[in-house]
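Peer 1: This is the structure I have questions about; it appears just below.
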Amino acid sequence: MFRVSILSFLFILFISFQKSDELIVGAQAPDFTIRALNGDVIHLAALKGSIVFVDFWASWCLPCRKQNQLLDKIHDKYKKIARQYDLKIVFINVSLDTNKELWRVAVSKDNLDIRKQVCDFAGWESSIVKNYSIKKIPTSFLIDTNGKIIAKDIWDEALTEALNKIFKQLSN
């Protein structure tokens with residue numbers, strides 16, 4: 001009995017010291033450089049000073065495609081609000097697609113801004129996907145002006161509330 005207790009204790013201790021590979025709120029967002037659909041190069045570090053929303057999706061993911069439409073409206077609304085504070089807000093959509101044509105068709109059908117649609121066509125093997133510890137899609141990260149993650153997996157109303165909070169703090 002004593003041996004089982006010690007083994008259980010050691011196992012729990014071992015598990016508690018395991019380092020999680022997931023990014024957490026408060027962590028620095030991993031930098032990346034990738035080409036957008038229009039040919040521009042997007043470099044996350046160059047967006048320091050901006051509020052950045054990074055959304056991981058794919059053309060074959062129906063929940064992701066539904067989010068695309070909502071995110072587009074949210075981006076349009078807050079882009080205007082950000083200007084009032086002399087800030088920039090950027091939404092980057094990182095696709096896990098491996099087929100360029102399917103990706104292009106989805107971007108076109110969903111009427112997405114081609115300047116912020118990025119994909120390296122490596123799918124789940126993409127270095128960005130690995131650096132952000134993506135296990136499912138859609139997954140999102142809200143990044144502050146200093147490059148820190150301030151929210152993860154927020155959509156719709158939660159995203160709107162987070163952005164409202166940011167701009168309320170700026171007005172105080």
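Peer 1: Which condition breaks for Val25 when tested against (1) hydrophobic (A, V, I, L, M, F, W, C); (2) outside any helix (DSSP H, G or I); (3) surrounded by fewer than 17 Cβ atoms within 10 Å (Cβ to Cβ); (4) without any contact (Cβ under 8 Å) to a residue 60 or more places away in the chain?
Peer 2: Going through the list (1) hydrophobic (A, V, I, L, M, F, W, C); (2) outside any helix (DSSP H, G or I); (3) surrounded by fewer than 17 Cβ atoms within 10 Å (Cβ to Cβ); (4) without any contact (Cβ under 8 Å) to a residue 60 or more places away in the chain, Val25 breaks only (4).
Peer 1: Just one of (1) without any contact (Cβ under 8 Å) to a residue 40 or more places away in the chain; (2) more than 26 Å from Gln28 (Cα to Cα); (3) in contact with a strand residue (DSSP E or B) (Cβ under 8 Å, 6 or more places away or on another chain) trips up Val41, so point out which.
Peer 2: Checking Val41 against (1) without any contact (Cβ under 8 Å) to a residue 40 or more places away in the chain; (2) more than 26 Å from Gln28 (Cα to Cα); (3) in contact with a strand residue (DSSP E or B) (Cβ under 8 Å, 6 or more places away or on another chain), the one that fails is (2).
Peer 1: Being within 19 Å of the chain's Cα centre (by Cα), at pLDDT below 90, part of a helix (DSSP H, G or I) and not basic (Lys, Arg) is the requirement here; does Asp72 meet it?
Peer 2: Taking the combined requirement at face value, the residue satisfies it.
Peer 1: Tell me which of these Ile89 doesn't satisfy, since it passes every other one: (1) more than 17 Å from Gln169 (Cα to Cα); (2) crowded, with 20+ Cβ neighbours inside 10 Å.
Peer 2: Unmet for Ile89, out of (1) more than 17 Å from Gln169 (Cα to Cα); (2) crowded, with 20+ Cβ neighbours inside 10 Å: (1).
Peer 1: Let me ask something additional. Could you check segment 96-147 and list, in sequence order, the residues that are in contact with a helix residue (DSSP H, G or I) (Cβ under 9 Å, 6 or more places away or on another chain), assigned to a loop (DSSP other than H, G, I, E, B) and of a type in the set (D, E, K, R)?
Peer 2: Residues satisfying the conditions are Asp97, Asp110, Asp113, Asp120, Asp144.
Peer 1: Here's something else I'd like to know. Do the conditions hold for Ile128, that is, is it touching a residue at least 40 places away in the same chain (Cβ under 8 Å), within 25 Å of Gln28 (Cβ to Cβ) and β-branched (Val, Ile, Thr)? First the steps, then the outcome.
Peer 2: Values: touching a residue at least 40 places away in the same chain (Cβ under 8 Å): yes; within 25 Å of Gln28 (Cβ to Cβ): yes; β-branched (Val, Ile, Thr): yes.
Yes, satisfied.
The values are calculated or read from the model by the stated rules, or taken from the named source; none is laboratory data. Nothing here was measured: the structure is a model prediction, and the numbers come from that model. Don't worry about glycine lacking a Cβ; one is built from the backbone with ideal geometry, like all the others, and counts go over all protein chains shown.
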